[in-house]
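The values are calculated or read from the model by the stated rules, or taken from the named source; none is laboratory data. Quick caveat, the model's predicted, so the values are computed rather than measured. Cβ sites come from the backbone with ideal geometry, for glycine too, and all protein chains shown count toward neighbours.
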Amino acid sequence: MIYLDYAADTPVREEVLKTFCEATKTYVANPNAGHKLGKEAKLAITEATEKIASYLKVKPEEIIYTSGATEANNLAIKGIVNEYKRYGKHMITTYLEHSSVTGPMLYLEQQGYEIDYVDLLPNGKVDTDHLKELLRPDTILVSIGAVDSELGVCQDISDLGEMISEYPNCHFHVDATQAIGKIQVDLEKVDLITLAPHKFFGLHGIGILIKKETIHIEPLIHGGISTTTYRSGTPTAALILSAEKAIHLIKEDQKIYYNKVMMLNQLIRKKLKGYNDVMVNSPEAASPFILNLSIKGIKPYVFQQKLADREVFVSTKSACSTANTPSRPVYALTKDRKRALATLRISLSYLTTEEEVEAFIQIFEQCYNELKK
Ligand code: PLP
């Protein structure tokens, strides 16, 4: 089997699973219970949160645990809007965002909020001149992903944050789900940051929203204190401890992984240059973990199935987007509907080997030749 869909999900690391299983057995009580067993669970959560905060260079009080990145994005966007609507109803985002960012934004648009989409340069980066034009005194939120999930475009978050910080009523949310553990991002000027451990060999069922302590958000879920007042519900010590383990492990070797994945990405790009009908959609400077391409005249889900028949697993778009519709990010960059309808996404990780990439290239060629006949 050759798994090349790591942007959708990653296999859980043994150490992470072990941490989860041990913590599940050890911490049997509700962490909010007043007795000794509850206090032990709470202490374990506090210690894990302190470690996570130090890895991410934030304060422990700034960490909010959610069920995943989708909830974290919803909490950030709806939370800011509900808290700061008295200052305005204007928001800015891009056409590169994941559906868990555009979904709440479109929902809010129906409630009377105004959304502007900032233009992108040919390399996918935000056109900062256009962003300057769009920012207004009544803009309350800008939401831009650090790395988009379909093309892998990396934004210059620090520069964008600098620009946005000139507007005192405006908050900057960054969905860093495809960035954390993969590429270096400077998040100092960001108010809200989303991440999910299952994208870097952690478990499903937990996400993190970092909310800088200087700002407030209205909770999505009401009903008692958890680890914070911003998200109610009994916190799961085992998931939090497993998240700490996943972040700790990925942080340790991130640079080595990056260089290896870059080499593999370049290898695939080089081979794809031999096909006249294959267009690489990911810009050269995109994250090496994601490589998006379109094949002229071949339906992507047919190609995906052909590859799957040979035990090679890739995706056509982000797993959360609607099937058989054009990829919004690819359309935004190319303005070519056919190309945006024909996308395949290959995503790599430190687990990907050169042998797998070579085998993938051979199988790709076989499938391509069969379908072109
Ligand atoms: N944001 C981005 C950029 C993603 O790639 C994904 C998942 O693909 C999500 C958010 C949603 O993540 P989750 O599955 O944890 O809700």
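Quick one: which of 48, 76, 44 is in a helix (DSSP H, G or I), small (Gly, Ala, Ser) and either under 20 Å from residue 179 (Cβ atoms) or at pLDDT below 95 (or both)?
Going through 48, 76, 44 in turn, the sole match is 76.
For the range 13-27, how many residues are assigned to a loop (DSSP other than H, G, I, E, B) and over 19 Å from residue 65 (Cα atoms)?
1
Of all residues in the range 168-204, which are crowded, with 24+ Cβ neighbours inside 10 Å, over 17 Å from residue 216 (Cα atoms) and β-branched (Val, Ile, Thr)?
Correct list: 177, 180.
Among the residues of the range 51-73, write down those that are out of contact with any helix residue (DSSP H, G or I) (no Cβ under 8 Å at 6 or more places or on another chain) and more than 24 Å from residue 183 (Cβ to Cβ).
Residues satisfying the conditions are 61, 67.
If only one of 295, 268, 250 is under 30 Å from residue 66 (Cβ atoms) and of a type in the set (Val, Ile, Thr), which one is it?
Selected residue: 250, the only one of 295, 268, 250 that is under 30 Å from residue 66 (Cβ atoms) and of a type in the set (Val, Ile, Thr).
Name the single residue, out of those in the range 27-56 being touching a residue at least 60 places away in the same chain (Cβ under 8 Å) and among the β-branched types (Val, Ile, Thr), that is nearest to the ligand (Cβ to nearest atom).
52
When only residues in the range 190-204 that are assigned to a loop (DSSP other than H, G, I, E, B) and aliphatic (A, V, I, L, M) count, which is farthest from the ligand (Cβ to nearest atom)?
190
Can you tell me which residue within the range 85-116, out of those that are among the aliphatic types (A, V, I, L, M) and within 11 Å of the ligand (Cβ to nearest atom), is farthest from residue 156 (Cα to Cα)?
Out of the qualifying residues, it is 101.
Output the number of the condition that residue 276 fails; it satisfies all remaining conditions of (1) away from the ligand (no atom under 16 Å from the Cβ); (2) polar (S, T, N, Q); (3) under 30 Å from residue 50 (Cα atoms).
Result: residue 276 passes all but (3).
Please work out if residue 240 is within 16 Å of the ligand (Cβ to nearest atom) and surrounded by fewer than 24 Cβ atoms within 10 Å (Cβ to Cβ).
no
Filter the range 249-277 for residues that are touching a Lys or Arg at 6+ places or on another chain (Cβ under 9 Å) and free of Cβ contacts under 8 Å to residues at least 24 places away in the same chain and give the result.
If the condition is that a residue be touching a Lys or Arg at 6+ places or on another chain (Cβ under 9 Å) and free of Cβ contacts under 8 Å to residues at least 24 places away in the same chain, then 276 is the only one that fits.
Condition first: over 20 Å from the mean Cα position of the chain (by Cα) and surrounded by fewer than 16 Cβ atoms within 10 Å (Cβ to Cβ). Now tell me which residues in the range 260-272 satisfy that.
If the condition is that a residue be over 20 Å from the mean Cα position of the chain (by Cα) and surrounded by fewer than 16 Cβ atoms within 10 Å (Cβ to Cβ), then 263, 266, 267, 269, 270 are the ones that fit.
Of all residues being of a type in the set (Asp, Glu) and outside any strand (DSSP E or B) in the range 80-134, which is farthest from residue 190 (Cα to Cα)? Just the residue, please.
This residue is 109.
Quick check: anything in the range 343-362 β-branched (Val, Ile, Thr), assigned to a helix (DSSP H, G or I) and touching a residue at least 12 places away in the same chain (Cβ under 8 Å)?
Within the range 343-362, one or more residues are β-branched (Val, Ile, Thr), assigned to a helix (DSSP H, G or I) and touching a residue at least 12 places away in the same chain (Cβ under 8 Å).
Do we have any residue at all in the range 150-159 that's without any contact (Cβ under 8 Å) to a residue 60 or more places away in the chain, buried (at least 22 other Cβ atoms within 10 Å of the Cβ) and either assigned to a strand (DSSP E or B) or among the aliphatic types (A, V, I, L, M) (or both)?
yes
Looking only at the range 205-216, filter to residues that are more than 14 Å from the ligand (Cβ to nearest atom) and in a loop (DSSP other than H, G, I, E, B); which one of those is surrounded by the most Cβ atoms within 10 Å (Cβ to Cβ)?
212
Scan the range 273-301 residue by residue and report those that are outside any loop (DSSP other than H, G, I, E, B), at pLDDT 95 or above and surrounded by fewer than 20 Cβ atoms within 10 Å (Cβ to Cβ).
278, 279, 280
Any residue that is of a type in the set (A, V, I, L, M, F, W, C), within 16 Å of the ligand (Cβ to nearest atom) and under 17 Å from the mean Cα position of the chain (by Cα) - is there at least one of those in the range 77-84?
Yes, because at least one residue in the range 77-84 is of a type in the set (A, V, I, L, M, F, W, C), within 16 Å of the ligand (Cβ to nearest atom) and under 17 Å from the mean Cα position of the chain (by Cα).
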